[in-house]
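Below: one structure, written as structure tokens.
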Amino acid sequence: MSRRLGPSPVTIVLAAAVLTGTLYVGARPVGGAPAFGPLLDPVHGVWALARTATPPADATVQIPSLADLVEVRFDDRGVPHIFATSLTDAARAMGYVHARDRLFQMELQARAVAGTVAELVGDRAVAVDREARAQGLAAFARRGYEALGPQSAGRTLTEAYAQGVNAYIDAMTDDDIPFEFRLLGARPQRWEPVYTAYLFARMGLTLAYSEGELRRGAIEALVGRDAADALFPRDNPIQEPIQPNGQHAARMDFRKVPPPAQPDSGKLKIAMSLLESARTLAGAANEAQLDDVAVGSNNWAVSPRRTAAGKALLAGDPHLALTLPSIWYQAQIVVPDTLDVYGVTIPGAPIPPIGFNRDVAWSETNTGADVADYFVETVDDSTHPTRYQVDGAWRALTYRVEAIRGKGGRVISTDTIRESHRGSMLHAGGQWISRRWTINDGDDITGPFLGAARSKSVKELWEATNGFFAPAQNFVSADRGGHIAIRSTGHFPIRGRGAVRGDLLLDGSKSASDWQGWWKLAEYPQAYDPPQGFVVSANQQPKDPRVDPRYIGWDWPSPWRAIRINEMLRADSAITPDAMRRIQTTPVSAQTKYFLPMMVEADATGRDSSFSNASRLLRDWDGTFDADNRAAVLYETTLAELAARTWDELRAGGTAGEPLPRRVDTPQNVVLLQLMQDPTNPWWDDQRTPDVRERRDDIIRASVLAAYRTLVQRLGQPGDMWRWGLNRRASVRHLGGIAALGRPNVPVTGGPGSVSPSSGDGNHGASWRMVVELGDEVRGWGVYPGGQSGNPISPRYTDLLDKWSAGTLDSLPFPRTAADLPTAKTSSRLLLKKAP
């Protein structure tokens, strides 16, 4: 297998020359054109990166706050194995190595939450910073952090971690400054312990943000409440839940979809105004997902009685944005008689959220529960309110005055952010809306992750994570005792009698609309050693509504990945670690067996040859998304056409004969499948052809034909250019948007609805794949798309990418002592000593 090397210094200079103001935060371009003089300095410029690309074989560093000697052995993949005598010293060492390898990544994500990006990159980041201040993530995270007890893990470990980060920053030479800082003419800021809380708040924004209520208002204005309820249902039409329900296959709960009502233009105008304003609370990293979920995380565990070796197995497969450097950073931490854990850490935090120890393995997927509600507040002044009303009594609003600064500390903009007791407020359509959101409660996350890492059994892991607050995660776990379990863990709100469901705007003038408390632990979706012998989560609805009808969320992702994983586990009663690995990249999608027959069977007798050619391609296709097939791209394009033609009523405006605007939202394609059971439903009628009433097969035929013609125009007649491997690839972007430092066109296996879905722009996917066998000696395998180093010239920048692309996993060294890591597997050693 070829080894991927980082770009040369010349390539980096050329990348900077074409950057012209395209540093990115999330999906938003910020920053100004670089000054190239310092980059070209032959002593301290970009060429210095080459001198620091490979760490010395042996190094000793003094850290003032260290209590005792810490030895760090880096294996042949650049993964640190930290051997310390205390947890705080281990956290200091983790901070040091994170800063050495990922400092720009750490600072950028902290600034993105704090709303101080403009101080680093200049005035063009003002809009990003204003959004961050309006979200209030940093303010709420700081409040939560300051409320932690002085001896809590959230305090002691993050303070020690910050000491390690700052020890590296304080000792940096000019040669050590990361490329991105050189490009911006800046030096790293010192790291504050609260920045770890910022990181978890950012994670909450990514995983638990919701503006669905506001979007739903526009949908109801377009098609009416009955139709909106059916298109964006509380319960998924296909049930394959996380908590096993005793069934042996997915269950179809299809219902008739009510026809669209006539649009209400007045309500639509207000709803669209609210939706637009809500984007100030969403942030650049959470652009609306207007298509069926193309990415998603997976995890599962298998009990010993269904494995070939009679040992429990676990697979973790979180899907997130694909960036260089990676979101994750592998590490092992060993503190004798206290902690011995291998996993993936997030640069900026000291403890791995996903991993394994000598007894237990665990991983998470996002639950997707509805943990944010929006309240229409009654205020004393529609323009500059100072009070809001609850149960007839006036309450004072609180204020935050946020000053946005640019380089040099110059104040660029000042905003006043208002808060009710529920959270930050926004003004739109003549209304003031506040948001209640679990992420703003800012609870300790480091403690539960540390507890998980120290657990000796699945039961202990459950106990350790009982207090995990937000964002709610599906924790899967397995232990050497042969037990497996899964639990959707996080705080789920009990809504008051004025808010039985959370998918609608609520009346803020009534305390009955407020949350009344939290679900009990016993009520969480969960399973411990279920009779079926395995547990699976893939972001699907956690509980079967026939088992528990209480509201926990709505508009759940289509359960195709869950269906496929369950199918494969039900079919294999002697599963191996390698079989677990193969499931992660299977090219088969459960979706195709439902949609493909209808595409093929739509009668086209007497129609043109293009449709016949398209139909033939689809009929001969086996439904797998492997690299060489030539029909998958037609299937995917047809699905997109089908959604566009079916959901035309969800476009906000437009008239016949004119280009239609973007859809306000798009139902999950499981809802489209539900509609396909009703061939004469009014939803099939194309609003642009008032003189014709289309039926299902008319729309399917038109979609197949349009997809075929689009592809012929773009790729030519069906042939090699139609191969799936040429049309669907991953794009692993540099986190700052510098194209030459990213890796586009990475081959991948999978397609819409597969376990490793590949669709859209390819910028999201499996951020870490892991398989663990819980035998007498715990064995782990894993890989992520990138490498350990953030230095683009380092051989560790992308050295794992080819393996990730091929679907292979590295064996993960798990030594008990520093001496147990073989010399042949050791690339360098770092000794951290207490400064005199």
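The values are calculated or read from the model by the stated rules, or taken from the named source; none is laboratory data. In this text the structure is predicted, and so the values were computed from the model without any measurement. Ideal geometry is used to build each Cβ from the backbone, glycine not excepted, and the neighbour counts take in all protein chains shown. Surface areas here come from the heavy atoms of the whole protein model, side chains and all, with no ligands, DNA or RNA. Shrake-Rupley method; radii C 1.70, N 1.55, O 1.52, S 1.80 Å.
For this structure, a couple of remarks:
- Spin-label model distance (nm) - D578 vs T710, 7 Å beyond Cα toward Cβ: 4.0
- Secondary structure note: in the chain, about 90% of the DSSP beta bridges are antiparallel.
- Translational D in µm²/s for the range 682-836 (Stokes-Einstein at 4 °C, 1.567 mPa s, Kirkwood Rh from C-alpha pairs): 64
- Semi-axis lengths, Å, the range 528-637, gyration tensor of Cα atoms, sqrt of 5 times eigenvalues: 34, 20, 11
- Surface accessible to a 1.4 Å probe, V535 within the full protein complex, Å²: 0
- Pairwise Cα separations in the range 318-455 fall into 10 Å bins from 0 onward with the following percentages, short to long: 9, 25, 21, 22, 17, 5, 0.
- P(r) tail for the range 602-754: Cα pairs beyond 27 Å make up 34% of the total.
- Report summary: the helix-based calculation at 222 nm, which adds -39500 (n - 2.57) for every DSSP H run with n ≥ 4 and divides by the residues of the chain, gives -9000 deg cm²/dmol.
- K825 paired with Q151, simple spin-label distance in nm, labels 7 Å along Cα-to-beta-carbon: 3.8
- Cross-link partners of K456 among lysines (Cα-Cα below 20 Å; sequence separation of 8 or more within a chain): K311
- Within the straight-line cut-off of under 19 Å between alpha carbons, the lysines reachable from K803 are K825, sequence neighbours fewer than 8 places apart in one chain being disregarded.
- Percent carbon-and-sulfur accessible area, the chain, ignoring ligands, DNA and RNA, probe 1.4 Å: 51
- Taking every alpha-carbon pair in the range 307-378 and binning the separations at 10 Å intervals from zero gives 15, 35, 27, 15, 6, 2, 0 percent.
- Convex hull of the range 466-517 built on C-alpha atoms - directionally averaged projected area, nm²: 4.8
- If you wrap the Cα atoms of the range 753-836 in a convex hull and average its projected area over all directions, you get 9.3 nm².
- E71 - accessible surface, heavy atoms, 1.4 Å probe, Å² rounded to 10: 40
- Semi-axis lengths, largest first, of the ellipsoid equivalent to the range 452-545 are 32, 15, 10 Å, with √(5λ) applied to each eigenvalue of the Cα gyration tensor.
- Sequence of D648, D174 when ordered by accessible area, the most exposed leading, probe 1.4 angstrom: D174, D648
- Under 18 Å of direct C-alpha separation, and excluding same-chain neighbours fewer than eight residues apart, K520 reaches these lysines: K459, K543.
- Debye intensity ratio in log₁₀ form over the Cα atoms of the range 355-433, taken at each q of 0.18 Å⁻¹: -0.82
- Theoretical gain in end-to-end length, S457 to K267 [0.36 nm per residue, Cα-Cα removed]: 63.0 nm
- Inter-part distance, the range 548-576 to the range 702-765, computed on C-alpha centroids, equals 26 Å.
- Applying the criteria of a DSSP loop state and at most 15 other Cβ atoms within 10 Å to the trypsin sites (Lys or Arg not before Pro) of the range 519-611 yields K520, R546, R550, R607.
- Here's the picture: a label point sits 7 Å out from the Cα of N763 along the beta-carbon direction, and within the range 305-334 the residues with their amide nitrogen under 18 Å of it are 319-328.
- For the chain, the ratio of Cα radius of gyration to the globular rule of thumb 2.2 N^0.38 Å stands at 0.94.
- Relative pair counts by distance (%), Cα atoms of the range 95-175, 5 Å bins: 3, 14, 17, 19, 20, 17, 8, 2, 0
- Kirkwood hydrodynamic radius computed over the range 480-593 comes to 17.0 Å, based on all pairs of distinct alpha carbons.
- Full extension of the segment from K834 to D776, taken as 0.36 nm per residue of separation minus the current Cα-Cα distance, would add 17.2 nm.
- Cα-based equivalent ellipsoid of the range 157-250: semi-axis lengths in Å, sorted from largest, via gyration tensor: 48, 21, 13
- At q = 0.13, 0.17, 0.22 Å⁻¹ the log10 of I(q)/I(0) for the range 520-563 amounts to -0.33, -0.57, -0.93, computed by Debye summation with a single uniform scatterer per C-alpha, solvent ignored.
- Using heavy atoms of the protein chains and a probe of 1.4 Å, the accessible area assigned to W556 is about 10 Å².
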